[in-house]
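Read the structure below first, then the notes.
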Amino acid sequence: MMCCEMPCRALRKFFHTPVYIEGTHIHIPKSPFNVNVKTPFNPSSVLATGPGLMHGIVGKISLFEVDCRAAGNGPLDITVEDDDHNLVPVKVRETEPNAYDVSFIPKTPIPHFVNIKWNDFNIKGSPFKVMVMPRPEKDINLGGEGKIRVYYSTTTSSEKIRHNCRFLQSLLERKKVHLREDFEPWIPIDIGMDREERNRIFEKAGVRKTPMLFIDDQYVGDYDDVVELDETGELDRLLSYCALKYRNLQTVEEARKVDELLKMEQQ
């Protein structure tokens, strides 16, 4: 008579295949046993990045990306709800197998929460808290298209803000941002700037907390926000996009100057 321990019980979650158990070449009762098997998956390998996971504006599309290619088989489940527990419609577009572009439009200026699950398990960071600001009456142009700018206070009495300025400077210098052509020297927001311009910056950002990092004339966040973006790789993506935008703008400007010179020569 054969004695058999059943490790198959632990496998039932991961496989679907017949298991034969025999004693002296005779099947025991109910053998073969069918065991359900699923492909292993790892929700912690799902990567979600994009500004839509950090901040948004009422009535404007918030975008982010979800990369599940290293996480095994799905399914992927994404829901967005505001702080009043109202569900917000979500659009998910598969750009390649297990890679998705996701968008939603906030309707209220209150925090929203993005829940991302892979096989019913939350991925790292989920739910993501998205700060949603009211839509400004007009689109404010600070002249920073294709540029990297940091606005800071030189007169603050807050030790934390002074520390954050030093930490942000160190973070950007590690990435050699200060050596880039699209980087502008830090801009003091309290000395040499009139109140109207300062208020336009605050209105554009939706906050009054310094230091403020802007990339391509869009508010990215304060030091804490930038650290989170850096940890997810989103900061590098924004910086790369800005470099491309800057080069394109330079090319357009050079083409415009060439056109002007040709016109002058033809006159």
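The values are calculated or read from the model by the stated rules, or taken from the named source; none is laboratory data. Nothing here was measured: the structure is a model prediction, and the numbers come from that model. Virtual Cβ from ideal backbone geometry, glycine too; neighbours counted across all protein chains shown. Surface accessibility is based on the protein's heavy atoms, side chains included, excluding ligands, DNA and RNA. Shrake-Rupley method; radii C 1.70, N 1.55, O 1.52, S 1.80 Å.
A few comments on the model shown:
- Count of segment 42-63 residues which are open to solvent by less than 30 Å² (accessible area, probe 1.4 Å), at pLDDT below 85 and part of a loop (DSSP other than H, G, I, E, B): 1
- Filter result (charged (D, E, K, R) and more than 17 Å from Lys124 (Cβ to Cβ)) within segment 50-81: Lys60, Glu81
- Flag if Asp236 is in contact with a Leu (Cβ under 8 Å, 6 or more places away or on another chain), open to solvent by less than 80 Å² (accessible area, probe 1.4 Å) and at pLDDT 80 or above: no
- Qualifying positions in segment 64-98 - exposed (fewer than 12 other Cβ atoms within 10 Å of the Cβ) and among the hydroxyl-bearing types (Ser, Thr, Tyr): Thr95
- Residues in segment 112-148 that are of a type outside the set (Asp, Glu), out of contact with any helix residue (DSSP H, G or I) (no Cβ under 8 Å at 6 or more places or on another chain) and open to solvent by 30 Å² or more (accessible area, probe 1.4 Å): Phe113, Asn115, Pro127, Lys129, Met131, Met133, Pro134, Arg135, Lys138, Asn141, Gly143.
- Scanning segment 149-167 for residues that are within 30 Å of Leu244 (Cβ to Cβ), in a helix (DSSP H, G or I) and open to solvent by 30 Å² or more (accessible area, probe 1.4 Å) yields Arg166, Phe167.
- Subset of segment 207-232 (residues that are open to solvent by 30 Å² or more (accessible area, probe 1.4 Å) and not acidic (Asp, Glu)): Val207, Arg208, Lys209, Gln218, Tyr219, Tyr223, Val227, Thr232
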